[in-house]
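Chemist: Next up is a structure, given as structure tokens.
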Amino acid sequence: MPYRLIIFIILSIPTILLSYSGPYYVATNGSDASSGSNTMPLATIQTAINWMSAGPPVCTSATCFIGPGVYNQNMIISANNNSNFMVLRALTPGNKPVLQGESMDHFAIKITNTGRVIVSNLNITAFTYGVILSGSSSNNRIVANYLYSQTNFGIFLFSGNADNNIIENNQIYQTLSGIVLSDGDNNNIKNNNIYQCSNGIVFSGNASSNQVSSNQIYSMSNGVLFLNDASISNRLIANQIRDSATGLFLLDSDYNGFYKNRFTRLSGSAIILSGNATGNLFENNTITSNRTNGIYFQGDAVDDNTIISNQIFYNYRGIFINDGDNNKIYRNLVRNNTNGIYLTNTSQGIQIINNTFFSNFKNSIWISGSTTADIYNNIIQANGNYSNTYGINDSSSGTVDVAYNDFYGNKFGFTNGSVSWGAGNVFDYPMINTAFTFEITNVVSPAVDSGTNIPGVTDYTQGGGPDMGWKESSYFLIIPSGPQILTIRVMAYSNVEIVWRNMTNESSYTLYRNTTPSTGSALILSGFSMNVTNYSDYPLKPETTYYYWIKAYNRLGESSFSPAFPVTTPSIYYSLEFNIFPTAFHPATDGLAMIYLGEDKPEVSIKIYNIAGRVIKQWDRVTGEKFIYWDGKDEKGQNIRSGMYIVHIRGEGINYQAKMILTR
């Protein structure tokens, strides 16, 4: 930023403070010599940002309303000294202003080393990057914007400390990549519509514990989701991924979870794992109508991953494991693919347990190379409508153990090759519903209670033993019961922290809020992964009673609502309980000015500002004091000059200001 601009801002603060302190308005016909009011708007958004960044007393309402029209501007937000969010938003959400790059710098908005910024309802186009979050940029929200025709990325989180941000309800299209997160933790990317890009969402570096949920991502020329280079413990939930090249590509990324996503109409593989991809979990996803593979493991270091309770159908191959050891395929419905599962090369220790294979055109399970596998408790029905195809087609030189499966109606036989034939296999009609759920429909089915116990897979059973097929519970789970909110801490008039009891059998939680004691119209605040036990809810309205509930989930179902936990936010001001005397202070005759705090107040801080917004005197962490006295001197003990000063008292639920005139 040019030095002359910095000088202008500093010199302008006294005038702004005395005349107008927000909210600010920007218009295409505005002037930066104006006050920034609705009737006297500014010309540049950056000017409004500079004034808002100062915080009180320079700015008391940190919102910038941007009028309709085209703005060939870009901006940097590097500070937020306000207690709440600083907001950039359209004046009229239905008539979004356009930030247009053309010959401007390479970004539209850069948020760097600051937090609590909301960017909302803007059109952003023709930049290299739409929005950048860099440095220690946390707790920001990018909401309901249109970002299109950027050269590189729509939204770019570019820092290991870009944490706890929310990217929500944006339309992102015609860019190289929609959203890119390079490092950064605990960010929430939800309800966005991303399309007509090369790539949808890309994680790289040590991106950890981020959540991507309920996004629509489609029409990508390359891939929809990329997790690479040590991205760990991220959760992708309920996303719609379709009509693109590749759906999800994991490279060197471990212990990520993928739940309830839908992958469909992809010209390549829906899901690819490569490199050192270990410990990932795919659960309750729908993978259908993809041209090549539903799930594809490639490489000898793709180990210890789990594919559980997915529906995989109408793909060329349902699951293709080309190398990789100790991968687990549990409780999936694999139907109507050309091949159900294909294992090849040197894959070792593959477990195929409690799946249902139905009407795969060639083989339900095809094994080659030197693969070793255990195939237990499966229903394998009506597969192999092509010559030399089977329920299980084994040409592997490794050991393949086959036991406790129900083979029925496979056109060219139940097995081929040299499998190790174990006990408990049956060859009777399993009585499954082949029109809808593919569950067992009759207690006399030969698959009921006919499986063998596999520790960690079939420990929880209905009846006298584990069933065959994909619909039975696992992992010692029961439906969660009894979640409970333990406490709600009031952090400020607009902020509470909810703390709940951690359970032992949950995979996720959902938190609800309402202003009435009814769950019927309660707002879903957010979803949380297992072992998360707290959440900060803001901004809230002062002097309002809110009710909170929590629900717990796992793959078996959901708990009931916890009992309602009410909390009432405090008022913004305690202005009737504070006083300053005298307000016209003459140290030579009055001696000391008195700041009255009253009885039983929470801990507060007191700051005295000059009209340029600089702190002259301050008292930190004041508690138990009824009066504070000031002698008209600054922090260095020097007498300050005559003029107007502002006393600002701030604490939990307290935000009080008063003017004082000092004369010498």
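Chemist: From the phi angles alone, apply the Karplus equation (6.51, -1.76, 1.60; θ = phi - 60°) to the range 607-615 and give each ³J(HN,Hα) in whole Hz, x where the residue is Gly or Pro.
Modeler: For the range 607-615, the Karplus-derived couplings read 10, 10, 10, 8, 6, 8, x, 8, 6 Hz, x marking Gly and Pro.
Chemist: Starting from the coordinates of the alpha-carbon atoms of the range 238-293, obtain the Kirkwood hydrodynamic radius over all distinct pairs and give the value in Å to one decimal.
Modeler: 11.3
Chemist: Next up: In whole angstrom, how far apart do the alpha carbon centroids of the range 330-388 and the range 182-205 sit?
Modeler: About 34 Å separates the Cα centre of the range 330-388 from the one of the range 182-205.
Chemist: Got a sec to turn the phi values of the range 179-188 into Karplus ³J(HN,Hα) couplings, 6.51 cos²θ - 1.76 cosθ + 1.60 with θ = phi - 60°, whole Hz, x for Gly and Pro?
Modeler: In residue order, the calculated couplings are 10, 10, 10, 9, 6, x, 10, 6, 8, 10 Hz.
Chemist: Which of rounded, prolate or oblate describes the range 123-174 when judged by the alpha-carbon gyration tensor and an a/c cut-off of 1.5? Mind showing how you got there, number by number?
Modeler: Details: a/c = 3.00, a/b = 1.51, b/c = 1.99.
It is oblate, given that a/c is not under 1.5 and a/b is not larger than b/c.
Chemist: When we measure straight from the Cα of Lys96, which aspartates and glutamates land under 20 angstrom away, once same-chain ones fewer than 8 places off are left out?
Modeler: Hits, sequence-local ones excluded: Glu168.
Chemist: Among Ile155, Ile124, Ser182, whose Cα sits farthest toward the positive end of the charge dipole of the range 74-194 (+1 at Cβ of Lys/Arg, -1 at Cβ of Asp/Glu, about the Cα centre)?
Modeler: In the range 74-194, that residue is Ile124.
Chemist: Rg to Rh ratio, the range 273-352, alpha-carbon atoms and Kirkwood radius? Write down the numbers at each step before the final one.
Modeler: Values: Rg = 11.4 Å, Rh = 12.2 Å.
The Rg/Rh ratio comes out at 0.93.
Chemist: Taking H placed 1.01 Å from N in the peptide plane, check which residues at least 5 places from Arg141 or on another chain put their amide H under 5 Å from its amide H.
Modeler: Val117, Ile118, Val119, Ile166
Chemist: Net charge near Ser536, counting Lys/Arg +1 and Asp/Glu -1 over other residues with Cβ under 11 Å of its Cβ? Show your work: numbers first, answer last.
Modeler: Values: positive: Arg489; negative: Glu497, Asp537.
Combined, the nearby Lys, Arg, Asp and Glu give -1.
Chemist: Would you compute, from DSSP H runs of 4+ residues alone, the mean residue ellipticity of the chain at 222 nm, taking -39500 (n - 2.57) per run and dividing by the full residue count, rounded to the nearest 500?
Modeler: For the chain, the value works out to -1500 deg cm²/dmol.
Chemist: Tell me the accessible surface of Ser420 in square angstrom (1.4 angstrom probe, heavy atoms of protein chains only), to the nearest ten.
Modeler: 50
Chemist: On the full set of protein chains, 1.4 Å probe, figure out the accessible area of Lys633 and give it in Å² to the nearest 10.
Modeler: The value for Lys633 is about 70 Å².
Chemist: At 10 °C and a viscosity of 1.306 mPa s, what translational diffusion coefficient does Stokes-Einstein give for the chain, taking Rh as the Kirkwood radius over Cα pairs? Give it in µm²/s as a whole number.
Modeler: The estimated diffusion coefficient comes to 56 µm²/s.
Chemist: Separate question: Kindly identify the range 151-225 as rounded, prolate or oblate by the Cα gyration tensor criterion: order the square roots of the eigenvalues as a ≥ b ≥ c, call it rounded if a/c is under 1.5, otherwise compare a/b with b/c, prolate if a/b is larger, else oblate. Kindly include the intermediate steps, with their values, before the conclusion.
Modeler: On the way: a/c = 1.98, a/b = 1.47, b/c = 1.34.
In terms of gyration-tensor shape, prolate.
Chemist: Students often forget the sequence filter, so: which aspartates and glutamates lie under 16 Å Cα-Cα from Lys110 once same-chain residues fewer than 8 apart are removed?
Modeler: Asp163
Chemist: Order the following by accessible area, largest value first: Trp619, Trp549. Probe radius 1.4 Å; ligands, DNA and RNA are ignored. It would help to have the intermediate numbers written out before the result.
Modeler: Numbers: Trp619 50, Trp549 10 Å².
Largest accessible area first, the residues go Trp619, Trp549.
Chemist: Quick one: net charge around Phe85, please, counting Lys, Arg +1 and Asp, Glu -1 for every other residue with C-beta under 12 Å from its C-beta.
Modeler: For residues surrounding Phe85, the net value is +3.
Chemist: What are the extents of the Cα atoms of the range 285-412 along their three principal axes, listed from largest to smallest and rounded to whole Å?
Modeler: Cα extents, longest axis first: 34, 28, 24 Å.
Chemist: Give the distance, in whole Å, between the Cα centre of the range 26-70 and the Cα centre of the range 111-137.
Modeler: Answer, in whole Å: 18.
Chemist: Shifting gears a bit: Rounding to the nearest 10 and keeping the result within 0 to 90°, find how far the Cα-based axis of helix 3-19 lies from the longest principal axis of the chain.
Modeler: Helix 3-19 and the main axis of the chain meet at about 70 degrees.
Chemist: Taking the Cβ of Thr292 as the center, what net charge do the other residues with Cβ under 13 Å away carry, scoring Lys and Arg +1 and Asp and Glu -1? Walk me through the numbers on the way to the answer.
Modeler: On the way: positive: Arg265, Arg291, Arg317; negative: none.
Around Thr292, the charge tally is +3.
Chemist: So what's the angle, to the nearest 10 degrees on a 0 to 90 scale, between helix 45-54 and the longest Cα principal axis of the chain?
Modeler: 70
Chemist: Quote the charge dipole size of the chain about the Cα centre in Debye, to the nearest 20; the model charges only the Cβ of Lys and Arg (+1) and of Asp and Glu (-1).
Modeler: Here the size comes out at about 1940 debye.
Chemist: Top to bottom by accessible area (1.4 Å), largest first, where do Tyr656, Tyr376 land?
Modeler: From most accessible down to least: Tyr376, Tyr656.
Chemist: Give the accessible area for Thr399 in Å² (nearest 10); use a 1.4 Å probe, count only protein heavy atoms, and leave out ligands, DNA and RNA.
Modeler: Solvent-accessible area, nearest 10 Å²: 80 Å².
Chemist: Determine the per residue accessible area of the chain with all protein chains present and a 1.4 angstrom probe, expressed in square angstrom.
Modeler: 40
The values are calculated or read from the model by the stated rules, or taken from the named source; none is laboratory data. The structure presented is a predicted model; accordingly, all values stated were derived computationally and were not measured. Quick reminder, even Gly has a Cβ in these numbers, built from the backbone with ideal geometry, and neighbours come from all protein chains shown. In case anyone asks, the SASA skips ligands and DNA or RNA and just uses the protein heavy atoms, side chains included. Shrake-Rupley method; radii C 1.70, N 1.55, O 1.52, S 1.80 Å.
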